[in-house]
Each structure stands twice: as structure tokens, then as C-alpha cells.
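Working notes, structure below.
Computed from the coordinates by the stated procedures, all read-outs in this text should not be read as laboratory data. The structure presented is a predicted model; accordingly, all values stated were derived computationally and were not measured. As a convention, Cβ positions derive from the backbone with ideal geometry for all residues, glycine included, and neighbour counts pool all protein chains shown.
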Amino acid sequence: MIVGEQKPLEEIWEMVKRHKQLTVFGCNTCVAVCHQGGNKEAGILASLLRMKATQEEVDIDIVDSGIERQCEHEFFESVRDLMSRSEAVLSLACGIGVQFVATKYQALPVYPALNTTFLGDVIAVGHFTEKCQACGDCVLGLTGGVCPVSRCCKRLMNGPCGGSSNGKCEISKEIDCAWQLIVDRLEALGRLDDYEKIPPLKDWSKDRAGGPRSFKVEGM
Amino acid sequence: MDLKTNSRLEKVLKSGQLAVTSECGPPRSSAPEGIIKKGNLIKNHVDAINITDNQTSVTRLCSLAACVHLKLQGLDPVLQMVVRDRNRIALQSDILGAASFGINNVLCLSGDHQSFGDNPQAQNVFDIDSMQLVQTVRRMRDEGRFLSGDEIKVPPNMFVGAAANPFADPFKIRVPRLAKKIAAGAEFIQTQCIYNVDKFELWMQGVRDRGLHDKVFILAGITPMRSVGMAKYLRKSVPGMDVPEELIKRLSGVEKEKQAAEGITIAVETIQRLKEVKGVAGFHVMAIEWEEKVPEIVERAGLFPRPVID
């Protein structure tokens with residue numbers, strides 16, 4: 001799923017304070033799972049902004065709302081009236097949702113309440129870790145199901161580097177060495193011999209480097 | 001002697017004599033005098049001089065330009081290239097540029113992560129990795145082809161090296177990793193600084209068991225300790241560095257002003273012990289910002305004079 005983290009309140013306030021009306025708009029799927037951008041968080045953030053407006057003696061009408069997903073047209077049906085009344089939207093969606101709103105409502109200012117941080121999993125309650133960078137050319141079949149692109153700090157295709165120490169990465173004791181994990185997995189699978197195969201150079205044209213990506217399902 | 005390049009280092013190694021290399025770090029300025037001085041300080045005691053490439057991710061005068069300065073002095077530089085800062089276009093371009101100045105050695109490295117340096121906010125590149133850079137240079141040299149497959153009319157004449165760290169984890173992968181670098185095309189290896197000689201010998205045993213010492217020239221990495229403080233710092237704070245407790249005790253046992261001399265003696269003793277290890281083809285003496293001590297280490301270790309190569 002997509003993980004995001006709320007921006008500091010001050011930064012949000014600086015973006016929105018000049019409006020007379022603001023809709024604080026949750027997105028109740030990915031970023032709700034990480035407790036940062038769901039409809040519940042939209043309600044809390046709206047309250048904090050109202051308090052901030054009172055403190056700063058700024059007159060601004062703040063309402064909160066939300067939908068299931070800000071990245072698909074059909075979910076916006078229920079907020080058609082709200083959007084037509086809004087002077088500005090503070091979206092708690094990931095960057096995709098923010099842009100979807102901006103494209104859908106050409107004349108409506110929209111601001112991001114979150115920093116979209118990564119594609120990750122939930123390894124424990126409230127603990128999210130990056131697992132994929134959407135490079136467009138998955139190598140997990142070669143690497144025992146551990147991604148070197150998102151999990152090795154140097155995205156080495158032939159690691160580990162000389163900085164791997166006690167299973168941790170040289171840059172932080174908080175980060176597992178992806179190549180230690182890969183080697184351990186290959187060994188557990190009885191495939192350690194595969195370690196010595198050198199993969200072809202990675203085709204980054206399928207990654208961000210190749211420009212914005214899209215695809216269409218045939219016949220739909 | 002089956003020589004692939006004009007590299008003096010290749011000639012020394014293939015003549016069966018122990019080679020000696022050293023390294024110099026370029027300055028954090030546009031003045032070349034410092035690097036030229038360092039090079040001249042050690043030129044009679046080494047066969048080739050590595051020039052580091054923005055080591056520890058701190059911005060410096062570029063390795064390629066520093067190599068050119070040494071080449072113009074008649075020295076044999078080893079161009080260190082990290083894949084952190086340049087994509088495959090820039091790497092291939094710089095290899096041609098270096099070869100155009102008659103630089104005949106390259107050491108292919110990943111590079112320290114940028115978080116250690118002066119621009120931790122920088123983007124990193126890592127388009128290819130060090131193993132693939134070895135492959136790239138060999139393809140350019142031996143097949144006369146760019147990665148794209150296009151022809152190189154005058155291929156680069158480069159003796160190709162890589163690094164090995166026998167002390168990093170997981171230890172069980174360190175011999176296979178060397179095998180992989182050899183399969184990629186590495187012709188010489190310069191190792192991480194060796195302080196835990198027992199562990200290094202264990203690694204070399206694994207290297208010999210697979211016959212890898214017959215396929216690549218291994219230069220053992222030597223860095224003299226300047227103080228017990230340095231030893232403790234390397235032990236505690238540098239991942240992949242293995243400094244045994246006994247070495248710290250030995251340095252702690254001498255007065256502060258004599259610790260540097262003791263560090264030199266330890267380096268000399270390490271070289272002497274490693275000379276007896278089958279498969280060690282030479283030494284890479286990295287006296288970090290202490291280049292003036294390289295001649296003394298080389299002489300006391302019995303590695304002087306250096307072979308005369310025409």
C-alpha cells in the first residue's frame with residue numbers, strides 16, 4: 001500500500017491560511033491504514049486547524065469530509081455539492097489523490113496535507129516499512145523474494161557491499177542489510193549457487209527514468 | 001608474459017613479483033599542487049597510485065583530473081570510479097576520457113553512501129553496480145563495444161580492478177563474491193585494510209580452495225594506525241572494519257607519542273606475515289593523509305627497491 005505521513009501543522013497552515021473556506025478531505029484507503037490521511041484523521045486535522053485559526057485570529061470556515069479513494073472518479077459522486085461549495089481543498093490523500101482532485105476540479109486550489117513517503121507493508125501495528133519502488137521490472141524472482149532496489153541503500157544488484165555488518169546496513173543500525181536477507185533466503189531455499197549468477201544490467205527505462213508510465217487494459 | 005594493457009601494475013604482477021600500490025586523496029580545492037606533491041613523495045616506492053573518487057562522499061577534485069596530473073608527472077595512476085555519482089553514460093565517457101590520457105588502471109567501486117558525506121541530501125545514481133562496472137570496462141576493452149553494442153574505434157586500454165572486503169558480513173558470501181567479481185572480469189583486487197590477520201588468512205584459504213588466487217591478483221590492504229584513538233574509532237564506527245582487541249591493547253601499551261611509530265611497526269609486521277600467505281600478490285598501502293610514511297613502510301617490509309619496468 002501507499003504510505004504517507006502528515007506534514008507539520010505549521011507547514012499546512014502556511015499553505016491554507018489565506019482562504020475563507022477550506023474543505024479538509026480524507027482518503028479512506030491506503031493512507032487511512034497508516035493513520036495519517038483517512039476520514040477520521042481529516043476530522044482531527046480540521047479541529048486542529050480551527051484552533052489554529054482562532055489563535056491566529058483568522059476568519060476561515062473549515063469543514064471536514066472524505067471519500068473512500070481520491071484516485072477514482074466514481075467515489076467523488078457523493079461529494080459533488082461539497083466540492084462545488086468549496087473555495088479550497090486540503091487533501092489528506094497521497095500525491096496521486098491530490099493530483100486527481102487538481103485535475104478533476106480545474107479552478108479549485110488543492111493542497112497536500114501529507115508527504116507521500118513510500119510503498120510499504122504493515123510489519124506491526126503502527127509500523128510501516130518500504131518494500132517496493134515500482135521500478136517496473138521486478139527482480140524478486142532472482143533475489144529470493146527480497147527487493148534490492150527498495151531495500152539496499154545502494155540498490156546493488158550484486159551485493160552485499162563492504163559495509164554490511166551483523167545483518168545491518170552501513171548507513172544505520174535500524175536498516176537491515178537487504179543482501180544479508182537475500183543471501184539468507186537463497187540459502188534457506190537451497191539456491192545459494194544462484195548468488196554467483198550476474199544478472200543483466202537493469203533496464204531503468206521502465207522506472208521513473210523512462211518518464212511517466214501508464215498502461216491500458218485491452219478491451220475495457 | 002600475456003599482457004592485456006600498458007599498465008605498469010599489470011607488468012609487475014604478471015612478472016611474478018609482489019606489487020605495491022598506494023593511494024592519494026585529491027584536495028577539496030582546485031589546486032593540483034597537493035596531489036602532485038603526494039604522488040612524487042611515494043613514486044619511487046610504489047608501482048601504481050590509486051586516486052580516490054570523492055571518498056566518504058565528500059566533494060573533492062575529481063579522480064580523473066587528479067589521475068591526469070599524476071600521469072603528466074610520469075606516474076602510473078589507478079582511476080578509482082564509484083557508481084554512486086554517475087550513470088552508465090557518464091561512466092563509459094569517463095573511461096574513454098581517462099584512457100585518452102594514457103591512464104591504464106581502473107578500480108571499480110560502489111562508493112560510500114552519500115549520507116556519510118558533505119551532501120547527505122544528494123540524489124544517488126547507482127544505475128549499475130561495481131560488479132557491472134567491471135563487466136562494462138572489460139567489454140569496452142576486450143570487445144571494443146559500448147554497453148549499447150556500438151563499436152569503439154579505439155578501445156580503452158585499462159587493467160581492471162575491484163575491491164574486496166573479507167571482513168564484512170555475511171562472511172560465508174565473501175569468497176563467492178570474489179568469484180563473482182572475477183567472473184565479471186576483475187583482474188586485480190585491492191582489499192579492505194587488514195587488521196584481523198587470522199580472519200584474512202581464513203578468507204584466503206577459501207580463495208585458494210576454489211583456485212581463485214590463480215585467476216586474479218590479490219593486493220592486501222594495509223593502513224597504519226596513527227594512534228589508539230584511530231584504532232578505537234575504526235573498530236567502533238566504521239562498518240566492515242575488523243580491528244581486534246589485541247591490536248588496541250598493543251597500541252594502548254605504548255606512550256602516546258610513540259603510538260604512531262608502533263602503528264607503522266604493526267603495518268610492517270602485517271606485510272611480513274602476509275608475504276608468506278599463498279595467493280597474496282602484493283600490497284595496497286593506504287596511509288590516509290600520511291603518505292610520507294609509505295616509503296618507510298615499503299622499505300622496512302623489504303619491498304624496496306621496486307622492479308624496473310620498461
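Here are the numbers for the structure shown:
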read-out: Hz values of 3J(HN,Hα) by residue in the range A:209-220 - Karplus curve (6.51, -1.76, 1.60), Gly and Pro given as x; value: 4, x, x, x, 9, 7, 8, 10, 7, 4, x, 9
read-out: Antiparallel bridges, percent of DSSP beta bridges restricted to chain B (to nearest 5); value: 5
read-out: Gain upon complete extension [B:Asn157, B:Lys236; 0.36 nm per residue less C-alpha separation]; value: 24.4 nm
read-out: Burial ordering of A:Met1, A:Met51, B:Met286, fewest other beta-carbon atoms within 10 Å first; value: A:Met51, A:Met1, B:Met286
read-out: Average other protein chain Cβ within 10 Å of Cβ, residues A:145-153; value: 1
read-out: Shape category assigned to the range A:133-210 from the gyration tensor of Cα positions, a/c cut at 1.5; value: oblate
read-out: Relative exposure of A:Val33, B:Val308, judged by other C-beta atoms within 10 Å (fewest first); value: B:Val308, A:Val33
read-out: Whole-number D in µm²/s for chain A (Stokes-Einstein; Kirkwood sum over Cα pairs; 25 °C, 0.890 mPa s); value: 123
read-out: Gyration tensor verdict on the range A:2-118 (Cα atoms; rounded if a/c is under 1.5, prolate if a/b is larger than b/c, oblate otherwise); value: oblate
read-out: 3J(HN,Hα) from dihedral phi, the range A:32-40, Karplus parametrisation 6.51/-1.76/1.60, rounded to Hz, x for glycine, proline; value: 7, 4, 8, 6, 10, x, x, 5, 5
read-out: Cβ-based charge dipole, the range A:49-180, positive-most Cα from A:Pro109, A:Met51, A:Ser164; value: A:Ser164
read-out: Sparsely packed GluC sites (Glu not before Pro) within the range B:217-262, loop by DSSP, other Cβ within 10 Å at most 16; value: B:Glu255
read-out: Global form of the range B:158-310, assessed from the alpha-carbon gyration tensor, a/c cut-off 1.5; value: oblate
read-out: DSSP bridge pairs, the range A:2-118: antiparallel proportion in percent, nearest 5; value: 25
read-out: Alpha carbon centroid spacing (whole Å) that separates the range B:274-310 from the range A:63-114; value: 68
read-out: Table column - 3J(HN,Hα) (Hz), the range A:124-140, Karplus curve with 6.51, -1.76, 1.60, x for Gly and Pro; value: 7, 4, x, 10, 10, 9, 6, 9, 8, 10, 6, 6, x, 8, 5, 10, 4
read-out: Cross-link table B:Lys14/B:Lys181; B:Lys14/B:Lys215; B:Lys4/B:Lys71; B:Lys43/B:Lys215; B:Lys4/B:Lys153, entries beyond 22 Å C-alpha to C-alpha; value: B:Lys43/B:Lys215
read-out: The protein assembly as shown: antiparallel DSSP beta bridges as a percent of all, rounded to 5; value: 25
read-out: Cβ-derived FRET efficiency at R0 60 Å, A:Ile44 paired with B:Lys199, nearest 0.05; value: 0.65
read-out: Within chain B, helix-based [θ] at 222 nm, where runs of 4 or more DSSP H residues each add -39,500 (n - 2.57), nearest 500; value: -11000 deg cm²/dmol
read-out: Packing-based exposure ordering (other Cβ within 10 Å, fewest first) of B:Lys181, A:Lys202; value: A:Lys202, B:Lys181
read-out: Unsatisfied cross-links (Cα-Cα over 29 Å) in the set A:Lys173/B:Lys275; A:Lys17/A:Lys40; B:Lys199/B:Lys236; A:Lys168/B:Lys232; A:Lys173/B:Lys38; value: A:Lys173/B:Lys275; A:Lys173/B:Lys38
read-out: Built amide H within the under 5 Å cut-off of A:Asp61, gap 5+; value: A:Gln21, A:Leu22
read-out: For the range B:1-127, size of Cβ-based charge dipole, Lys and Arg +1, Asp and Glu -1, in debye; value: 240
read-out: Helical contribution to [θ] at 222 nm, DSSP H n ≥ 4, -39,500 (n - 2.57), averaged over chain A, rounded to 500; value: -7500 deg cm²/dmol
read-out: Rounded to whole Å, sorted largest first: equivalent-ellipsoid semi-axes of the protein assembly as shown, Cα gyration tensor; value: 53, 26, 23
read-out: Selected from B:Phe171, B:Gly111, B:Ala99, residue furthest toward positive end of dipole (the range B:60-204; charges at beta carbon); value: B:Phe171
read-out: Alpha carbon centroid spacing (whole Å) that separates the range A:144-158 from the range B:68-131; value: 22
read-out: Averaged over B:164-171, number of beta-carbon atoms from partner chains that fall within 10 Å; value: 5
read-out: Per-residue mean of C-beta atoms belonging to partner chains within 10 Å, peptide B:25-34; value: 0
